[in-house]
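Each remark here refers to the structure printed beneath this line.
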Amino acid sequence: MHPPADYEQMLRESDLRVTRPRVAVLAAVHRHPHADTETVIAAAREDLDDVSHQAVYDVLRALTAAGLVRRIQPSGALARYEARVGDNHHHVVCRSCGTIADVDCAVGHVPCLTASDDHGFTIDEAEVVYWGLCPACSNPPDQHHPDQHQPARQGQPVGRKRETDDRQQ
């Protein structure tokens, strides 16, 4: 995790004014990769307890526009935010519990950036989402260890439910 001065410098280098909500939200996204908005709000409130929902939404939009955070939204899932920007990495999502992990793109020749027909576009990024089951969900829980990882909701994967207040553009 970066010290607050680093977050302030990141904001300045992106021509954003340094404010307490921006520092708190940027720190929250760095501490919680692939966090949904509610998680970012709760984490930002650890540093700045009176930050409003609307302020966090506004800051997330500004940080995303400035390229300091990346907004991802796998199909049917809530929007998530991550601080890993500036590279062409992808994600793997667990269909059961909603866990998201980074997957590096191929090194060297990057096949995901070579489209079979680019239709005249200059392609500079590809977004690939791999779906499957994480190791914890792939293995049935041990009867002797009830605290072992379990899907959060029976029959409905976490992160696949859409909530009205998280439909940001």
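Structural remarks
- Failed item in (1) assigned to a helix (DSSP H, G or I); (2) touching a Ser or Thr at 6+ places or on another chain (Cβ under 9 Å), with Tyr81 passing the rest: (1)
- Within the stretch 60-104, the residues that satisfy the criterion of being out of contact with any Leu (no Cβ under 7 Å at 6 or more places or on another chain), under 27 Å from Thr19 (Cα atoms) and among the small types (Gly, Ala, Ser) are Ala65, Gly67, Ala79, Ala83, Gly86.
- Of all residues making up the stretch 7-40, the number that are in a helix (DSSP H, G or I) and surrounded by 14 or more Cβ atoms within 10 Å (Cβ to Cβ): 20
- Looking across Ala65, Ala43, one residue alone is closer than 14 Å to Leu11 by Cα, free of Cβ contacts under 8 Å to residues at least 24 places away in the same chain, of a type in the set (A, V, I, L, M, F, W, C) and surrounded by fewer than 21 Cβ atoms within 10 Å (Cβ to Cβ). It is Ala65.
- Test for Gly120: is it part of a loop (DSSP other than H, G, I, E, B), closer than 29 Å to Leu78 by Cβ and modelled with pLDDT of 80 or more: no
- Some residue of the stretch 34-48 being under 20 Å from Val128 (Cβ atoms) and in the same structural domain as Met10 (by TED's automatic domain parsing): yes
The values are calculated or read from the model by the stated rules, or taken from the named source; none is laboratory data. Fair warning: this is a prediction, and the values are worked out from it, not measured in the lab. Note that each Cβ is placed from the backbone with ideal geometry, even for glycine, and that neighbours are counted across all protein chains shown.
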